[in-house]
Amino acid sequence: MKRIYISAPYRGNGDSFRVQQNIERAKKLGRSYVENGFIPFVPHLAQGYFENTSWEAGNALYYCLKWLEVCDELHYFGTPTEGMKDEIRYANGMGIKVVQKPWPPGLQRGQVNPKGGV
């Protein structure tokens with residue numbers, strides 16, 4: 001089974017509603033990968049281990065990049081944010097295949113309710 005690192009927008013420019021929306025989208029992406037026989041790593045779900053400080057954000061990125069090292073591919077969705085660009089650069093440097101993917105129907109920005117509905 002392929003291990004896929006899911007790269008998608010997270011921070012939402014400080015808008016907590018958008019952050020929650022991005023987390024819900026990432027959960028749904030991860031679920032679709034599981035249903036299709038892949039092992040996804042969804043960094044959005046790892047953020048719960050860290051506080052929202054600059055020191056912790058750096059540790060969160062380090063933690064996620066360590067997971068990326070053991071993935072077979074990185075799949076990214078949407079226009080890369082600064083954090084996504086860091087992930088993509090790291091994957092390229094490690095020789096990990098990087099694939100741009102379109103948002104599945106119903107998961108474009110604004111189409112996901114942070115309470116879990118589409």
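A short reminder: the numbers here are calculations on the coordinates, not readings from a lab. Everything quoted here is computed from the prediction, not taken from an experiment. Cβ: placed from backbone, ideal geometry, glycine included. Neighbour counts: every protein chain shown.
Can you tally the net charge around Cys71? Count Lys and Arg as +1, Asp and Glu as -1, for every other residue whose Cβ sits under 11 Å from the Cβ of Cys71.
0
Between Asn36 and Thr79, what is the label-to-label distance in nm when each label sits 7 Å out along the Cα-to-Cβ direction?
2.4 nm
Between Leu65 and Phe17, what is the spin-label point distance in nm, taking each point 7 Å from the Cα along the Cα→C-beta axis?
3.4 nm
Return Tyr5, Tyr10 ranked ascending by Cβ neighbour count within 10 Å, so the fewest neighbours appear first.
In order of increasing Cβ crowding within 10 Å: Tyr10, Tyr5.
Taking amide hydrogens as modeled 1.01 Å from N in the peptide plane, which residues meet the under 5 Å criterion relative to Phe41, leaving out close sequence neighbours?
Ile4, Tyr5, Ile6
Taking the highest mean first, how do the peptides 84-97, 16-29 order by number of other beta carbon atoms within 10 angstrom per residue?
Top to bottom by mean Cβ count within 10 Å: 16-29, 84-97.
Pairs Lys2/Lys28; Lys2/Lys97; Lys28/Lys97; Lys28/Lys101; Lys28/Lys66; Lys2/Lys101: which exceed 20 Å Cα-Cα?
Lys28/Lys97; Lys28/Lys66
Could you put Leu65, Leu107, Leu74 in order, starting from the residue whose Cβ has the fewest other Cβ atoms within 10 Å?
Final ranking by Cβ density, sparse to dense: Leu65, Leu107, Leu74.
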